[in-house]
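Below is one structure. I have some questions about it.
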């Protein structure tokens, strides 16, 4: 099977144009098929504010009302996505910018209203990702660049968490490709001591993960992140790597980038 | 050769959601390969105004400064494009929304500054359209939906006239497909009497075009439009059809839609 890297970057990369350019160069330099998934960043908030639209929160949760969905469609699907594509083209990477509506690539279901109405938020199901159509793009020499938008197949765009999209893509494509899922964030990886970047843990398998949780080295917010990573691995993803976007260039040297989770 | 319809719609279709839905249904019902190109519409102006950005004009010409380019990238590339894609998906058409940067499909050159600096406006050249990559999408079962954005290959998005994009796509793809270029506008076609919709001229060949110009039935603004149409035909496009977006459904009956220009 051919190798595939599925890489997610967050707003911290997008907000700093120097970091973004370095990342996009390193991304382009990676061998083999690759997919990029990007989140939002501060620009969405800035544009909302300039249009007089306030972020809607209920019980600390962000709500995607119709105004927010319009902003997100403009900023994620247009401004950020198309500028990333244009930059990747500059570096010789044949990027193609996508939402889940494009090519019917990612189908989602509007989150049912229980105690909170999240608005136009889409949840993914097992069969959400159209692996066949994505493979057509990859095998045609295109590099898919996804923003955090999906659709319900009934004409409605939906806002979907970018981490969730990345994981679903990696799982669905692991039948066709030897898939590595990479989350870039603002830390060098999983750290023994959260305040010491030098305390990076290079490799974690399920056994070690169990031990690190018992020792409370891994706790609170990291647990659902790593649970999801190991769930992806148990569904066929070869490895999940968590690291700093600035360091992606190290990936070509193997094992020197971030924390690698595998069986 | 397989048939291909390249269809351009303007802001008048996009601004009216009922008309847009009817058009998208009719577009979906057309047999064979198809490509849609859409312009902007009032929503771009509304969003500019809500952000306090004024349209920049010099000598009656619209200027694409950096703020305008951001708006256009958000509204054309995001809001309008992705909503059209989501609607087409609803009707069972496997649409994929694109700028010219995506897949390096349409390359342009920033317009050189002479008497007027148009800003981030891109002009097309003979080799601008990447017919090979577009054919990969068409043959992969996707329906490309282009907004009026291109790129210079150096990381810069550019604003390019949607009519020009439609014509360049049709010409470039006529080597691979039997291509019909369709401009949808707010009239039923070329009219003998501009105030009488019943005076539609059904067919015009170069000889008749010459005569209609001599008789001043065709004059002023229609002349460059039709000159461009006949230029596309002389470059391999099978026919150019000009008609009202509301009537596209008639195209399945052949010859009953708009004015058909051919050799």
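The values are calculated or read from the model by the stated rules, or taken from the named source; none is laboratory data. Values in this document were obtained by computation on a predicted structure and should not be read as measured data. Every residue, glycine as well, gets a Cβ built from its backbone with ideal geometry; the counts of neighbours run over all protein chains shown.
Looking only at the range B:232-254, how many residues end up being in contact with a helix residue (DSSP H, G or I) (Cβ under 8 Å, 6 or more places away or on another chain) and under 21 Å from residue B:176 (Cα atoms)?
7
Same structure, new question: If I filter the range B:182-193 for residues that are without any contact (Cβ under 8 Å) to a residue 12 or more places away in the chain, away from every other protein chain (no Cβ under 14 Å) and outside any strand (DSSP E or B), do I get at least one hit?
Looking for residues that are without any contact (Cβ under 8 Å) to a residue 12 or more places away in the chain, away from every other protein chain (no Cβ under 14 Å) and outside any strand (DSSP E or B), one finds at least one in the range B:182-193, hence yes.
Which residues, counting only those in the range A:39-68, are farther than 23 Å from residue A:183 by Cβ, touching a strand residue (DSSP E or B) at 6+ places or on another chain (Cβ under 9 Å) and surrounded by fewer than 19 Cβ atoms within 10 Å (Cβ to Cβ)?
Result: A:55, A:56, A:57, A:63, A:65, A:66, A:67.
Can I ask one more? Tell me, yes or no, whether the range A:24-38 has at least one residue that is surrounded by fewer than 24 Cβ atoms within 10 Å (Cβ to Cβ), in contact with a strand residue (DSSP E or B) (Cβ under 6 Å, 6 or more places away or on another chain), part of a loop (DSSP other than H, G, I, E, B) and touching a residue at least 40 places away in the same chain (Cβ under 8 Å).
Yes - at least one qualifying residue is present in the range A:24-38.
Give the range A:226-263 a look and list any residue that's in contact (Cβ under 8 Å) with a residue 60 or more places away in the chain and over 16 Å from residue A:6 (Cβ atoms), or say none.
Selection gives A:244, A:246, A:249, A:252, A:259.
Listed here are the residues, each with its yes/no results for (1) surrounded by fewer than 24 Cβ atoms within 10 Å (Cβ to Cβ); (2) farther than 19 Å from residue B:83 by Cα.
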| site | (1), (2) |
| --- | --- |
| A:133 | yes, yes |
| A:137 | no, yes |
| A:157 | no, no |
| A:163 | yes, yes |
| A:167 | no, yes |
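Inside the range B:89-131, can you point out the residues that are at the interface with chain A (Cβ under 10 Å from one of its Cβ atoms) and part of a strand (DSSP E or B)?
Within the range B:89-131, B:95, B:96, B:97, B:98, B:107 qualify.
Kindly provide the set of residues from the range B:153-170 that are farther than 16 Å from residue B:8 by Cα, part of a loop (DSSP other than H, G, I, E, B) and in contact with a strand residue (DSSP E or B) (Cβ under 6 Å, 6 or more places away or on another chain), ordered by number.
Across the range B:153-170, the qualifying residue is only B:153.
Another question about this same structure. Condition (residue is within 14 Å of residue B:248 (Cβ to Cβ), within 14 Å of chain A (Cβ to nearest Cβ) and either at pLDDT below 90 or buried (at least 18 other Cβ atoms within 10 Å of the Cβ) (or both)) applied to the range B:11-22: is it met by at least one residue?
yes
Tally up the residues in the range A:136-152 that are more than 10 Å from chain B (Cβ to nearest Cβ) and either outside any strand (DSSP E or B) or within 20 Å of residue A:57 (Cβ to Cβ) (or both), please.
Here the count works out to 2.
Now a separate question. Is it the case, given these coordinates, that residue B:145 is at pLDDT 95 or above, within 18 Å of residue B:4 (Cα to Cα) and touching a strand residue (DSSP E or B) at 6+ places or on another chain (Cβ under 7 Å)?
yes
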